[in-house]
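*Asks:* Can you keep this structure in mind? I'll have questions shortly.
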Amino acid sequence: MTAKKPSTSRRTFVKGTAASAAIAPFFIGRSAKAAYEAKTVKMMSVAPANTPWSALALKFKKHLEKSSEGQLKAKFYGGGVSGSELETLKACADGRVECWAGSMGAAASIASAVGATELPYLFKNPKAAYKSMTANRQLFHDIFWDAGFKLVMFAENGVREIGTTGFEVNTPADLKGRKIRVQESKIHADFFNAAGASTVQMGITEVLSSLQTKVVEGMDNTKLYAQAMGAFGTLTHWSETQHIYQPAVILFSRKGFWDNLPTELQEAIALDSKDVLKMENRGMRSIWALNGQLKQNLLDMNITVTEPDLGPWQKLAGGVHKKFEKRATKQGVALLKALR
């Protein structure tokens with residue numbers, strides 16, 4: 001039996017877990033093993049070591065190696081050692097890197113439609129966001145497919161808030177003229193520009209040194225990432241604005257990996273299997289469970305934590321949503337409609 005190369009028009013994410021489970025044991029060790037030379041899958045991310053994100057990546061690494069019976073070996077490059085989120089995403093799209101894990105905001109630099117997920121105050125809470133995303137998994141898959149990627153699974157960075165050095169933030173007026181680092185994203189910049197901040201877009205690997213040298217006076221990020229990058233030791237104030245929920249994703253390169261796999265090996269990896277979906281779900285829940293402890297960590301480091309009235313912040317969201325809808329592709333408009 002000759003191993004078949006997959007059609008590049010394959011666009012279905014959910015093919016039925018029972019079917020995949022039945023097919024995988026049959027093909028592993030037969031045509032897929034005989035026809036496909038073992039390959040090392042490079043997994044690129046800015047996720048620091050010893051975080052829920054790196055733990056999820058390592059679990060998926062084990063899944064790849066086990067499900068392929070050694071035909072795929074995976075190596076995780078975390079902490080941005082191989083470049084910024086945008087640099088490594090571009091490498092993945094171009095086929096120079098097999099796998100990428102990062103924020104949806106970064107992914108939107110190529111698959112612009114998924115930027116809809118990061119519109120301010122779009123979701124009630126992370127659980128509601130995850131429910132909405134999983135209900136529209138096929139739409140996400142199609143958007144990424146058209147951009148040159150195969151969707152592997154969802155993850156999350158958490159809820160973005162504001163950390164500053166030397167001043168407290170309660171209302172948007174408190175940011176007027178302040179140099180605030182924002183992610184390299186039109187949506188993020190639009191939100192902080194609406195608040196009157198002097199926005200500085202930069203990659204995450206530059207942020208800590210920029211805070212320490214006062215190139216910027218503050219930043220927005222999730223509590224978890226701020227702690228993981230070491231920012232808690234530099235910040236003096238933290239404002240729980242909860243302005244943007246930020247999902248994350250793991251993607252395969254179509255050009256550099258997925259489209260070159262034999263169909264049987266694709267089935268063996270079983271991205272729609274119960275094991276992979278359970279891995280995704282547990283990864284999300286592991287982050288949700290940390291929020292209380294992360295806030296306590298801020299307080300323990302004598303960082304002033306404020307809970308501002310969200311009303312003035314939410315008023316900024318409408319203009320940001322309108323700007324996105326004006327420039328969005330048809331896929332972006334469709335995704336936003338589905339998520340609302």
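A short reminder: the numbers here are calculations on the coordinates, not readings from a lab. Remember, it's a predicted structure, so these values are computed and weren't measured experimentally. Here the Cβ is made from the backbone with ideal geometry for all residues, glycine too, and neighbour counts use every protein chain on show.
*Asks:* Taking the Cα centroid of the stretch 105-150 and of the stretch 281-340, what is the distance between the two, rounded to the nearest whole Å?
*Replies:* After rounding, the separation between the Cα centres reads 14 Å.
*Asks:* Looking at the calculated P(r) for the chain, what percent of the C-alpha pair distances fall above 34 Å?
*Replies:* Roughly 25 percent, rounded to a whole number.
*Asks:* Stretch N125-S82 to full length: gain in nm at 0.36 nm per residue minus the Cα-Cα span?
*Replies:* Contour length minus Cα-Cα distance gives 12.2 nm.
*Asks:* Please provide three numbers in whole Å: the alpha-carbon extents of the stretch 196-340 along the principal axes, with the largest listed first.
*Replies:* 55, 38, 28
*Asks:* Shifting gears a bit: Straight-line reach from K186: which aspartates and glutamates fall under 18 Å, measuring Cα to Cα and dropping same-chain residues less than 8 apart?
*Replies:* E85, E87, E118, E161, D220, E325
*Asks:* Using a 10 Å cut-off on Cβ atoms, rank the peptides 187-198, 287-298 from the highest mean neighbour count down.
*Replies:* Per-residue mean Cβ counts within 10 Å order the peptides as 187-198, 287-298.
*Asks:* Run the numbers on the chain and let me know its relative contact order in percent, using alpha-carbon pairs under 8 Å that are six or more apart.
*Replies:* Relative contact order, the chain: 28 percent.
*Asks:* Show that you can apply the helix-only estimate: for the chain, add -39,500 (n - 2.57) for every DSSP H stretch of four or more residues, divide by all residues, and state [θ] at 222 nm to the nearest 500.
*Replies:* The helix-only estimate for the chain comes to -12500 deg cm²/dmol at 222 nm.
*Asks:* For a 30 Å ceiling on Cα separation, which of these pairs sit above it: K127/K315; K150/K337; K295/K323?
*Replies:* K295/K323
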